[in-house]
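Data block below; observations after.
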Amino acid sequence: MADYEDDNMSDEYPGSPDPEVDIDDEEDDEEEDDKQAVQAECRELFSSTDYIMEPTMFLTLKRFLQVGGSPEKVVELLSDNYVAVAQTINLLAEWLIQSGVKIEEVQDLVETHLKEMIIKHFDPKKADSIFTDEGETPGWLAEMIEFPTWRELFYRLAEDYPDCLMLNFTIKLISDAGYQGEITSVSTACHQIEVFSRVLRTSISSFLEAGEEALEKQLPEFTKMVCHGEHTYLYSQILMHILAQETKGGSNIRRLCQELQQCASEKGLDVTPITLALSGAAAYPRACQALSSMLSRKALNPADMTQLFKMYSEADPPPVDLIRVPVFLDLLIETLFKPGSHVNPDHKHKYVHLLAYAACVIEVYRKGGRKNINKDELKPTAQALEKTQSLCQLHRGASDLIADVGTLFGCLKFPVCAMGVLRWVDYTVSEPSYFKLNTDHTPLHLVLVDEIVTNHPLLHAKALELLVRLFESSYEELDVLVRLELKKMLLDRMVHLFSRGCVIPVIAYMRKCSETQDTDISLIRHFVTEVLDVIAPPYTPEFVQLFLPLIENQDITGILRSEDNSDPVSEFISESLWIRNGVVLKKESTADLIMSPSHCGLETLLLLPDSARHLALS
């Protein structure tokens, strides 16, 4: 009976599946589905245009074959979708070169178009995925950063996509490769302390080595980088504050710190707490509170000024650096010398005292402590400043001021007075009706500028800025001839500035006027004539390279030349022949001057001695 039941039990459900076999079948089905999915993904990639050119093509091919893909299918898809875009571009480039176009022009054309297409279609997510899929730095990326064109592309993309990991890493690669001097304008560098520190060090070094010219050219980009965020500004200022303590170059670093403060303030950033903290204001809470209030609001008030005046009138005043903040000094000069600005007579001496104190007091520090305060120049500076301010506020017109011009000239010996008068003159001559009402050939206010230029080389840049602004004004209300005479007078002021040592900036500006062709040719001729009257050899290569194009321009100097070449123009050209491409040649031997007609014009050759002319033409 038992045997019968066992036999029937085994046949009770003859159609039921074996559980173990069912599980295996499901796994096989899932694996087959995965293989089909991988094949479909790979086929889609193989079907894209020119996929055979993609760096990941071999990895995709390997995956496809491992899941049972057909090699014939791969060949079919790759060949059917091969358009040969890159090869067609190369072919067109070769045709252009064979047709006579220079290789450099063709290369620039292709690279420019490629850059535009990359910028237009760049996808930061795809860039990050390509970067992470390879697991290491792609070889093509390391090659790209070796070329300036592609580095510029990465800088541009990094500005547009600051959160892209691939671009951030590329900026670090560029910095590591030694090109950190190029990335001062890239905000991405501000997020990486290593890159930022390297760029900051390179920028500061270039400022110290190249001087004022580098400061003017690179300061805007440098400021943009440093002022990217509060953390970058604080880090930079602390670093430079430490460097400013050094004996060698410390004053230049301090100047750079102040330029940054000024630029940050002009951008609307409130850097007052950082400025005061670095100047040691925490040890003088009353002075700190007074300065903080005025600097934050960018306006002086009598209560805070009285507080500072009392502290700086004591026997042991706070450090002078506290009030040598550029923004504070600018507020003082603006308040005292801006026409129409009214200062309470009861408080004016306080403003004058603080400005004079900041301008002339010298402190001597040894071993971290203040050992001496030199106030010898404080009283005469304050007296001159008060006298100058009174004259400027009482006498707006030249006729009123003429009687006191001798006194004013004496006061202009003091730099702070000269700075105030220059600000006052700027406001006065910038009024629309000033030159319309003026009857003098050289207005007295511009005579004061000449005196300032004579006495203070450090104010040359500001004086030139004023003269350039006046020269470029239209003066539509004046007659054409009067307008020309006015601009000739302004050029005379520039020539005076030139004669006092501001050579390259003045010449460079007039060279720009000539190149842009927006200045009357007679004005440039007048300038050239006046300059030739005040110069004498030897000339520096830099001066010759800037001035010679003006001299050789027939439209400018054609009527100034004589047939016997005894005129100043011909003499200058003759002298400048010994300076070519920044090299000073020896004048003792004409054999040293061997040049081809391609390097000197016919007029230049005619001015050479016979022996040198023979060598030049041989």
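The values are calculated or read from the model by the stated rules, or taken from the named source; none is laboratory data. Because the structure is predicted, anything quoted here is derived from the model rather than measured. Virtual Cβ from ideal backbone geometry, glycine too; neighbours counted across all protein chains shown. These accessible areas exclude ligands, DNA and RNA; they are computed on the full protein's heavy atoms, side chains included. Shrake-Rupley method; radii C 1.70, N 1.55, O 1.52, S 1.80 Å.
The helix-based estimate of mean residue ellipticity at 222 nm for the chain, built from -39,500 (n - 2.57) per DSSP H run of four or more residues and divided by its residue count, is -20500 deg cm²/dmol to the nearest 500.
By the equivalent-ellipsoid construction on the alpha carbon gyration tensor, region 118-261 comes out with semi-axes of 32, 14, 13 Å, ordered largest to smallest. Note on K35: lysines with a C-alpha under 28 Å away, same-chain residues under 8 apart excluded, are K62, K73, K125, K126.
For the chain, with all protein chains in place and a probe radius of 1.4 Å, 54% of the accessible heavy-atom surface sits on carbon or sulfur. Loop-located GluC sites (Glu not before Pro) in region 218-271 (DSSP state not H, G, I, E or B) with no more than 15 neighbouring Cβ atoms inside 10 Å: E246. Dipole size of region 58-185 about its Cα centre, with +1 on Lys/Arg Cβ and -1 on Asp/Glu Cβ: approximately 300 debye, rounded to the nearest 20. Among the trypsin sites (Lys or Arg not before Pro) in region 262-369, those located in a DSSP loop and surrounded by at most 11 other Cβ atoms within 10 Å of their own Cβ are K267, K367. Shown here are the Rg and Dmax of the Cα trace of the chain, at 37.3, 147 Å.
At 4 °C and 1.567 mPa s, grab the translational diffusion coefficient of region 481-531 from Stokes-Einstein with a Kirkwood Rh over Cα pairs, rounded to a whole number in µm² per second. Rounded, D is 117 µm²/s.
Using the Cβ-Cβ distance between D564 and V482 with R0 = 45 Å, the FRET efficiency computed as 1/(1 + (r/R0)^6) comes to roughly 0.75. Of the cross-linked pairs K348/K487; K224/K248; K217/K298; K310/K367, those separated by over 31 Å at the C-alpha level are K348/K487.
Accessible area per residue was computed with a 1.4 Å probe on protein heavy atoms; F46 scores about 0 Å². Structural descriptor for the chain: relative contact order 4 percent, calculated from alpha carbon pairs under 8 angstrom and at least 6 residues apart. To the nearest 10, the accessible area of W150 is 30 Å² with a 1.4 Å probe. As I understand it, the dipole of region 330-407 uses +1 on the Cβ of Lys and Arg and -1 on the Cβ of Asp and Glu, about the Cα centre. Which of S341, H353, N372 lies farthest toward its positive end? Going by the charge dipole, the pick is N372. What whole-number distance in Å separates the alpha-carbon centres of region 55-81 and region 290-339? After rounding, the separation between the Cα centres reads 77 Å.
Just the number please: accessible area per residue for region 60-137, 1.4 Å probe, all protein chains included, in Å². Don't skip to the answer; put the middle values down first.
Values: 5820 Å² over 78 residues.
It amounts to 75 Å² per residue over region 60-137.
The residues of region 250-393 present an accessible area of 48 Å² per residue when probed at 1.4 Å with all protein chains retained. Of the residues M305, M419, ranked by 1.4 Å probe accessible area with the largest first, the sequence reads M419, M305.
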